[in-house]
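Before any comments, here is the structure.
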Amino acid sequence: MTDVRYPFTAIVGMADLRLGLLLNAVSPAVGGVLVRGEKGTAKSTMVRALAGLLPSIATVDGCRFACDPGAPDPQCPDGPHVSPSASERPSQLVELPVGVAEDRIVGSLDLERALAEGVKAYEPGLLARAHRGVLYIDEVNLLQDHVVDLLLDAAAMGRSYVEREGVSVRHAARFLLVGTMNPEEGELRPQLLDRFGLTVEIAATRDPAERAEVVRRRLAYDTDPAGFAARFAEEERALAERITAARELLPQVELTDVALRQITAVCAAFEVDGLRADIVMARTAVALAAWDGRTEVLEEDVRKAARLALPHRRRRNPFDAPGLDEEQLDRTLEEHAQQDEPEPDGDGPGPDGDGPGGGPEDGGPDGDGPDGGGPDGGGAPEPSGPEGGLDGREGPDGPEAAEEPAQPPVPAQQPSPARESAPVAAGDPYRTQLFTVKGTGHGAQGRRSPAETTGGHTIRARRPQGALGRLHLTATLQAAAPHQAARGRTGRALVLKKDDFREQVRQGRESNLVLFVVDASGSMAARQRMTAVKGAVLSLLMDAYQRRDKIGMITFRGAGAELALPPTSSVEVGAARLESLPTGGRTPLAAGLLRAHEVLRVERLRDPSRRPLLVVVTDGRATGGQDALARSRRAAALFAAQGTASVVLDCESGPVRLGLARTLAGLLGGTAVSLDELRAEGVASLVRENRTGNRGATSTASMRKAA
């Protein structure tokens, strides 16, 4: 293993990422960089290489918190520093592992020493090590939300706080924050995305010559790291000097009124929430001017700042891909380019309906709709494409085909199956009921079902299982108090034995695996009904996104069932697959349930602690043989026997209803909910139903505002 870092200047391409990192090196107040991209694109390599370019820092000798000898932190736990001696050291690169605990980040109080010896002992965490350096979070989207909140709060305030058992410790924590993530593994929620100053989308180059050069350089580095680094030493030195010069020039850069008006106009035009985007754009534009050796912010600086600071802030819902309309950006900058130019007529949506963020007239749905179905890569490029695009895949569509018995010629039969088989758009999403798994789990922290977690409120104490976690002080004192006389206690400190210690058991909420089993047969093919059904599933997907669940999707139609989406954290892919879902054919309900049973069996082996929630979307009909209904009921009994939490979304409509979906819910041991009852406003009916004794899943109102 070598300690020689891969040179920053040796990395091929990725100009936007290079610029975003360098701007934060010039001005850490920009707020860090979130790097979004597929695996194997040198994200980590470039971040680690950046640390080698940062100037050395002077620190107080013996201070574990890297205090600046010129301005030591008055609240430093190792202080006060009076006339301190100092030394220089390189800037630190601190990497945060995915499974890191909160105590490891902020540090921890050694409560065992505090109780046994009567002293306050504090062990610094990773935030203290990262002070005045770089904090690198790989796979930031896989961290628990409360950990990400803690990190971003520290980055925003420049200070870390530790509050435990009545003892407070605080210290400076200013660092360059860099996070990387693969969007296919799940998204950050919008509130956390907004806290990163800049975001950069990267992908591997498709140019064979560039790819060859990347491989050539990597092989050369692996063969002789020191020799390879020496080849780029001069370029590295020049780049480091340019960073230092830009830092020195930064206080002299002027943000003119014209540039500031352009910044605020762009943020208003793209309808970003809050004012953080305006502030980040201003800081980024100033850093760009300093990087180019100028003392005045130009229009080009504002344009570049917008491309880096706005894409992740203008998303309208969790399923839209980040992006920026370049034409709208140019129009806004031109309209506000002159100091004495009057305000443009109609600073809202124009008469042609092109509102801010609405994009050019592309014939698609409102907003960014045409782009929403692209990432799935598994179907036609236009999910709501021309009628007849899926002609002939199923033939007559089961029950619906019986509506036209008097037209035997083939040409007369084709339009109806084509209309019923073509994908239809989903209805608008809405806030849904909250469905939870009964009992107390032990899964990954989330926002759905009750579970024992590292966060949440304390419900009881227990003897430590392994290393002592969070000490339950009261329970520990109660366990030790009866033995103090026998142990010969004489001073203030308690005489403690290992068996006295108790740790807290906390109850919070966990994330679950929400497995959708969607009926896509001919009985569901009526366009208005399927639009409502897709809207309901999309709403449940959004709810799963907000609650940090994993999701999977099985569809059944025609001759069998298909695993349309293996269990994943990427809810966006699930929404795209739903949008392109065709309908038609028979209703093999038993095949869908059996496929779901197999998927859950495999997932239990992979992740035993994650509890599943089965959501069956159907009208309850089963066709495909005389015993189709009996086979579906036997399949449902498998889930009831295992106690799998389940919800049946009853899609039956019309004046005459057979109640098959509710019968299925009873066989599953779960809850049946109609499309109307799914909305959060219909909570009263669901509460009444759950009081009748349904097992499996429970439902309450989800009061969380849709992102």
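Calculated FRET efficiency, Ala245 and Leu468, Cβ-Cβ r, R0 41 Å, to nearest 0.05? Provide the component values of the computation, followed by the final result.
Details: r = 50 Å, r/R0 = 1.23.
My answer for the efficiency is 0.25.
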Exercise. Mind running the shape call on segment 474-516? Use the C-alpha gyration tensor, a ≥ b ≥ c as the square roots of the eigenvalues: rounded below 1.5 for a/c, prolate if a/b tops b/c, oblate otherwise.
Key: prolate
Quiz item: Which percentage, to the nearest 5, of the DSSP beta bridges contained in segment 497-598 is antiparallel?
Solution: 45
Self-check item: For Gly620, net neighbour charge (Lys/Arg +1, Asp/Glu -1) across residues whose Cβ lies under 10 Å away
Solution: -1
Practice problem: Return the loop-located GluC sites (Glu not before Pro) in segment 268-307 (DSSP other than H, G, I, E, B) with at most 13 other Cβ atoms within 10 Å of their own Cβ; answer none if there are none. | Solution: Glu271
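Express in nm, to one decimal, how much length is gained between Ala481 and Asp103 on full extension, taking 0.36 nm for each residue of separation and deducting their alpha carbon distance. Don't jump to the answer; show the numbers that get you there.
Details: separation 378, 0.36 × 378 = 136.08 nm, distance 2.75 nm.
Stretched fully, the Ala481-Asp103 segment lengthens by 133.3 nm.
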Quiz item: By average Cβ neighbour count within 10 Å, what is the ranking of 68-77, 630-639, 656-665 from highest down?
Solution: 630-639, 656-665, 68-77
Quiz prompt | Paramagnetic reach from Ala233 (point 7 Å along Cα→Cβ, amide N under 11 Å) across segment 5-40 | solution = none
Quiz item: Rounded if a/c is under 1.5, else prolate if a/b beats b/c, else oblate: with a ≥ b ≥ c from the C-alpha gyration tensor eigenvalues square-rooted, which is segment 177-222?
Solution: prolate
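Ignoring ligands, DNA and RNA, what percent of the 1.4 Å accessible area of segment 558-655 is carbon and sulfur?
On the way: 2060 of 3860 Å².
Solvent-exposed carbon and sulfur of segment 558-655 make up 53 percent of the total.
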Self-check item: Calculated FRET value between Glu163 and Ala71, using beta carbons and R₀ = 35 Å, to 0.05
Solution: 0.85
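Which of the three applies to segment 195-277, rounded, prolate or oblate, going by the alpha-carbon gyration tensor with a ≥ b ≥ c and a/c under 1.5 meaning rounded? Present the calculation step by step, with values, prior to reporting the outcome.
Working: a/c = 3.60, a/b = 1.74, b/c = 2.07.
Oblate.
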Quiz item: Using a 1.4 Å probe on the protein chains only, how many percent of the accessible area of segment 220-317 belongs to carbon and sulfur?
Solution: 51
Exercise. Note down the nm distance, to one decimal, between modelled labels 7 Å out along Cα→Cβ at Glu213 and at Glu254.
Key: 3.9
Practice problem: Go through 122-134, 593-605 and give me the packing order, highest mean Cβ count within 10 Å leading. | Solution: 122-134, 593-605
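Note down the relative contact order for segment 531-581 as a percent, whole number, built from C-alpha pairs under 8 angstrom at least six residues apart.
Computed value for segment 531-581: 34 percent relative contact order.
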Quiz item: Counting only heavy atoms of protein chains, what accessible area per residue, in Å², does segment 203-310 have with a probe of 1.4 Å?
Solution: 53
Exercise. At 1.4 Å probe size, with every protein chain present, just tell me what the per residue accessible area of segment 624-664 comes to in Å².
Key: 51
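Stretch Ile459-Arg206 to full length: gain in nm at 0.36 nm per residue minus the Cα-Cα span? Present the calculation step by step, with values, prior to reporting the outcome.
Details: separation 253, 0.36 × 253 = 91.08 nm, distance 5.47 nm.
Here the segment from Ile459 to Arg206 would lengthen by 85.6 nm.
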Self-check item: Accessible solvent surface per residue of segment 468-613, calculated while the other protein chains remain in place, 1.4 angstrom probe, Å²
Solution: 37
Quiz item: Which order do peptides 198-205, 225-232, 250-257, 554-561 fall in by mean Cβ count within 10 Å, highest first?
Solution: 554-561, 198-205, 225-232, 250-257
Exercise. Pick out, from Ile243, Leu219, Ala229, the residue whose Cα sits farthest towards the positive end of the charge dipole of segment 198-254, with +1 on the Cβ of Lys and Arg and -1 on the Cβ of Asp and Glu.
Key: Leu219
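The values are calculated or read from the model by the stated rules, or taken from the named source; none is laboratory data. For clarity, every value in this text was computed on a predicted model and none was experimentally measured. All Cβ positions, glycine included, derive from the backbone under ideal geometry; neighbour counts span all protein chains shown. Keep in mind that these areas ignore ligands, DNA and RNA; they rest on the heavy atoms of the full protein, side chains included. Shrake-Rupley method; radii C 1.70, N 1.55, O 1.52, S 1.80 Å.
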